[in-house]
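The structure appears below as structure tokens.
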Amino acid sequence: MAQFFATPIEYLKGVGPQKGVLLNKELSIFTFGDLIQHYPFRYEDRTKFYSISEIHDEMQYVQIKGFIKKKELIGAGFKKRLVAQMRDETGDIELVWFQGINWINEKIKPGIEYIAFGKPNRFGNKFNIAHPELEPAAEKKNGKHGFLQPIYSVTEKLRAKHVDSRMLSKLINELLSLSADKIRETLPGPIIASETLLSKKEALNNIHIPTTHDLLARAQHRLKFEELFYIQLRLLKLKLIRQNKFRGQVFQNTSLLNEFYKNHLPFLLTDAQKRVIKEIYADLKSGKQMNRLLQGDVGSGKTIVSFICMLIVLSSGAQCALMAPTEILAQQHFKNLKIYADQMQISIALLTGSTKKAQRITIHEQLRKGNLHILIGTHALLEEEVQFHNLGLSIIDEQHRFGVAQRSKLWQKNKDVYPHILVMTATPIPRTLAMTLYGDLEISVIDQLPVGRKPIKTIHQYDAHRLQVNRFLKDQISLGRQVYCVYPLIDESEKLDLKHLMDGYESISRSFPDIPISIVHGKMKADAKSYEMKRFVTGETKIMVATTVIEVGVDVPNASVMVIENAERFGLSQLHQLRGRVGRGAEQSYCILMTGYKTGTDSKVRIDTMVKTNNGFEIAETDLKLRGPGDLLGTQQSGALDLLIADLGTDGKLLQRAREKAIEILAEDPELTRAENQVIRNQIENMRKTVVNWSRIS
Ligand code: ADP
Ligand code: MG
């Protein structure tokens, strides 16, 4: 039966070789199975009739019933058109045809009631419908349709070859009638029963040919559930495989941690920090390799948490590595952690692309001997020569700048037992995304900021009010604060952006003639960059003009104002990241979003959201709704998010439910050997043949 759905699409009646190739190319539809899974992206409601007076601008389409009062041919040549006046009890509307005029003209009979369907267009203060579908109301009553009509996505190329949504609908109907006894169930009976799901067959029929609103909703529910269930099952299975395969070193001893707590802890930890440390400690002593994602908004205090976790590992004599995505950030981590490490007589070193050769060699040596306890650095840590005596814990800051491949390279730095892995990200990821992308990781969240932080005040200002803004900056600087001015530089190779930045720098220099200013951008040499950075960190310069290179992790508590130029050009998550650079000290901090008067609707939503909330998770949710999961995370990871029907922006609850079910099943039957789970095995087998992601599951 599986063979039936593997049949090449060209063999479906009405397709043939030519259209077959088009469907392959344009929609990646190769087989019967692909076509049946090409779900409609919306439906047109043919059950509802509107009266003509109810028609308004926002309608995608409308269905009305009325009599044709008069009809006439207007114009000549290519402007020739047929205009018919339709009337119901509430008003009139014009129906217009530009093609097939004569044929339609003959068909339309006065005195009969018609049903018209199409997209209304406003024409002055009246509406018309161009090329409506038109049929006598009497015929419609006997017709077999008249419910929700499915609308399928097609491409321009397909449309040009007359393969439109309607044509697809016809092909799919044909396929469904051929499949009547071929569709087999893909979820276990007990799940279908407990979740009261439609059967696969009912679901497929109703997703394409809905008979009622209720059945359509249930069909969508069933297919979404199935999709999410199998994604979660795959991730959980991967996790299970890894847990069984990879043992972890046991780090039970906490002597260094206790000493640090007693004598050196610089502030009280927040409850969230304590909870996360407990979660990580439980992993470190479990005997299984930890793979944990630590999410925490900017400023939530991930650094100290990572250090405390290192202390647990160091207490047993193993080593730790911390990898950051940029040189500046690695330096900053090194600087911060060295203060703690020195107090505890722990040796710590920094290794980046610009570490001098002699020093590099010493570091390599000390690492191999085990005399160097903590190594901090950039991806230079991944190089072959970097060999540890016994690496116990790898921490990766700012996850999604590194690919999964790099993550796994760090694993291999310990040949005997894989090190425990902690991935830290300051980009709050909506739960649905986290569960889908990192569903094979454990997740910890620091959802609390240290006490005493004043929420950052965010203000939107138009470019025209720059003088006011400058006055405000002057006041803040005279109070001893420092200021960031950030310019968009989406792509470091963009010459125009660089010019804007330099223009901005000059104009700021003119406006603040006696104030020392730093500038940092991606085109600068690393040492020039760090020199400028340093001058700002030490407070020598008061204004930092920069591109988004400062986005990640830089910590200058005295900097309390962030001005973002062309704020409409930044993504929401990026704006939030940037804002997180301020608000780290005791003073009230500000974020000023500068834009022109004209901005698009999406940018307006972004800016309003920023002004309204400081909550990173709320912002991430909005971002997910605005951009969709693919764009949110960059193309790198979006492949995992190509869903057929479920929507991570709106199906969070269902995802949670599907994950719970997958956990339940794997807990009872990890090898899926029970009879009722045979359908799962079959389905996995099927997916392994067709879906790349599945190939790793045994
Ligand atoms: P992020 O999570 O963005 O990496 P950091 O670890 O850089 O945040 O912490 C931000 C600032 O807050 C640092 O200056 C840090 O010393 C301070 N901090 C962290 N935890 C606490 C706490 N519990 N109480 C007070 N200050 C804290
Ligand atoms: Mg950080």
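Largest first, how would Asp416, Asp651, Asp164 line up by accessible area (1.4 Å probe)?
On the way: Asp416 140, Asp651 20, Asp164 60 Å².
Largest accessible area first, the residues go Asp416, Asp164, Asp651.
So if we plug the beta-carbon distance of Arg688 and Gln359 into 1/(1 + (r/R0)^6) with R0 = 41 Å, what FRET efficiency do we get, rounded to 0.05? Intermediate values should be presented prior to the final figure.
Numbers: r = 49 Å, r/R0 = 1.19.
Computed FRET efficiency for Arg688 and Gln359: 0.25.
Report the one residue of Pro488, Pro455, Ile443 whose Cα lies farthest in the direction of the positive end of the charge dipole of the range 424-503 (charges on C-beta: Lys and Arg +1, Asp and Glu -1; origin at the Cα centre).
About the Cα centre, the residue reaching furthest to the positive side is Pro455.
How far is helix 165-178 tilted, in degrees, relative to the longest principal axis of the Cα atoms in the chain, given as a value from 0 to 90 rounded to the nearest 10?
90
Can you tell me, using C-alpha contacts under 8 Å and at least 6 residues apart, the relative contact order of the chain as a whole percent?
Once normalised by length, the contact order is 12 percent.
What's the extension gain from Phe78 to Glu660 if we count 0.36 nm per residue and subtract their Cα-Cα distance?
Details: separation 582, 0.36 × 582 = 209.52 nm, distance 6.18 nm.
Length difference between fully extended and current span is 203.3 nm.
So how do 7-17, 371-381 stack up, highest first, on mean other-Cβ count within 10 Å? Write down the numbers at each step before the final one.
Numbers: 7-17: 14.9, 371-381: 22.0.
For the peptides 7-17, 371-381, the packing ranking is 371-381, 7-17.
So, R0 is 60 Å and r is the distance between the beta-carbons of Val451 and Met59; what FRET efficiency does that work out to, to 0.05? Could the numbers behind the result be given before it?
On the way: r = 52 Å, r/R0 = 0.87.
My answer for the efficiency is 0.70.
Evaluate the distance, in nm, between pseudo-label points positioned 7 Å from the Cα of Ala138 and of Ser347 along their respective Cα→Cβ axes.
9.9
Once amide H atoms are built 1.01 Å from N in the peptide plane, which residues 5 or more positions from Leu293, or in another chain, come under 5 Å H to H?
Here Val423, Glu442, Ile443, Ser444 satisfy the definition.
Return one number: the angle in degrees, 0 to 90 and rounded to the nearest 10, between the long axis of the Cα atoms of helix 526-537 and the longest principal axis of the Cα atoms of the chain.
Around 80 degrees separate the two axes.
Give me P(r) over the range 495-546, computed from all C-alpha to C-alpha distances, binned every 5 Å, as integer percentages.
5, 21, 27, 25, 17, 4, 0
Based on DSSP, what percent of beta bridges with both residues in the chain are antiparallel, to the nearest 5?
40
Evaluate the Kirkwood expression for the hydrodynamic radius of the range 47-144, namely the inverse of the mean inverse distance over all pairs of different C-alpha atoms, and round to one decimal in Å.
It works out to 13.7 Å.
Under 1.5 on a/c is rounded, so check that first for the chain, then, if it is not, pick prolate when a/b is larger than b/c and oblate when it is not; a ≥ b ≥ c are the square roots of the alpha carbon gyration tensor eigenvalues. It would help to have the intermediate numbers written out before the result.
On the way: a/c = 2.70, a/b = 1.53, b/c = 1.76.
Judged from the Cα gyration tensor, the chain comes out oblate (a/c at least 1.5, b/c at or above a/b).
Given Asn24, Leu624, Ala426, which one lies farthest toward the positive end of the charge dipole of the chain, if we put +1 on the Cβ of every Lys and Arg and -1 on the Cβ of every Asp and Glu?
Positive-end residue among those listed: Asn24.
Considering only DSSP beta bridges with both partners in the range 457-613, what is the antiparallel share in %, to the nearest 5? It would help to have the intermediate numbers written out before the result.
Values: 0 of 23 bridges.
Taking every DSSP beta bridge with both residues in the range 457-613, the antiparallel ones total about 0 percent.
Is there a quick way to get the dipole size of the range 47-144? I mean about its Cα centre, with the Cβ of Lys and Arg at +1 and of Asp and Glu at -1; what is the value in debye to the nearest 20?
The dipole magnitude comes to about 280 debye.
Please work out the C-alpha center-to-center distance from the range 330-393 to the range 552-614 and express it in whole Å.
34
Please give, to one decimal in nm, the separation of the simple spin-label points placed at Phe98 and Tyr462, each 7 Å out from Cα toward the Cβ.
3.9
Can you find, among Pro110, Phe49, Met59, the residue sitting farthest towards the positive end of the charge dipole of the range 47-144, where Lys and Arg contribute +1 and Asp and Glu -1 at Cβ?
Pro110
Quick one: dipole size for the chain, taken about the Cα centre, charges +1 on Lys/Arg Cβ and -1 on Asp/Glu Cβ, in debye to the nearest 20.
On the way: 96 positive and 78 negative charges, 96 e Å.
Dipole size: approximately 460 debye.
For Ile515 and Val605, calculate 0.36 nm times their separation in residues minus their Cα-Cα distance, and state this gained length in nm to one decimal. Provide the component values of the computation, followed by the final result.
Values: separation 90, 0.36 × 90 = 32.40 nm, distance 3.51 nm.
Result for the pair: 28.9 nm of gain on full extension.
Using 30 Å as the Cα-Cα cut-off, could you pick out the over-long pairs in Lys413/Lys653; Lys278/Lys357; Lys157/Lys499; Lys237/Lys335; Lys170/Lys689; Lys201/Lys661?
Values: Lys413/Lys653 39 Å; Lys278/Lys357 40 Å; Lys157/Lys499 40 Å; Lys237/Lys335 40 Å; Lys170/Lys689 28 Å; Lys201/Lys661 21 Å.
In this structure, Lys413/Lys653; Lys278/Lys357; Lys157/Lys499; Lys237/Lys335 lie more than 30 Å apart at Cα.
Each residue of the range 32-47 in turn: what ³J(HN,Hα) in whole Hz from Karplus with 6.51, -1.76, 1.60 and θ = phi - 60°, glycine and Pro shown as x?
Taking θ as phi minus 60°, the curve returns 4, x, 5, 5, 5, 9, 8, 7, x, 9, 7, 10, 9, 7, 9, 8 Hz for the range 32-47.
Sorted by accessible area with a 1.4 angstrom probe, largest first, how do Arg510, Arg222, Arg466 fall? Before the final figure, lay out the partial values.
Numbers: Arg510 170, Arg222 0, Arg466 75 Å².
Highest to lowest solvent-accessible surface, that is Arg510, Arg466, Arg222.
Angle, helix 327-343 long axis vs. longest principal axis of the chain, Cα atoms, 0 to 90°, nearest 10?
Once rounded, one gets 40 degrees.
Figure the gain on full extension for Thr155 and Gln588 (residue separation times 0.36 nm, minus the Cα-Cα span) and round it to one decimal in nm. Before the final figure, lay out the partial values.
Details: separation 433, 0.36 × 433 = 155.88 nm, distance 5.23 nm.
Going from the current span to full extension adds 150.7 nm.
The values are calculated or read from the model by the stated rules, or taken from the named source; none is laboratory data. These numbers come from a predicted model, not from an experiment. Glycine gets a Cβ as well: all are built from the backbone with ideal geometry, and neighbour counts include every protein chain shown. Just so you know, the surface numbers come from the protein's heavy atoms only, side chains and all, with ligands and any DNA or RNA stripped out. Shrake-Rupley method; radii C 1.70, N 1.55, O 1.52, S 1.80 Å.
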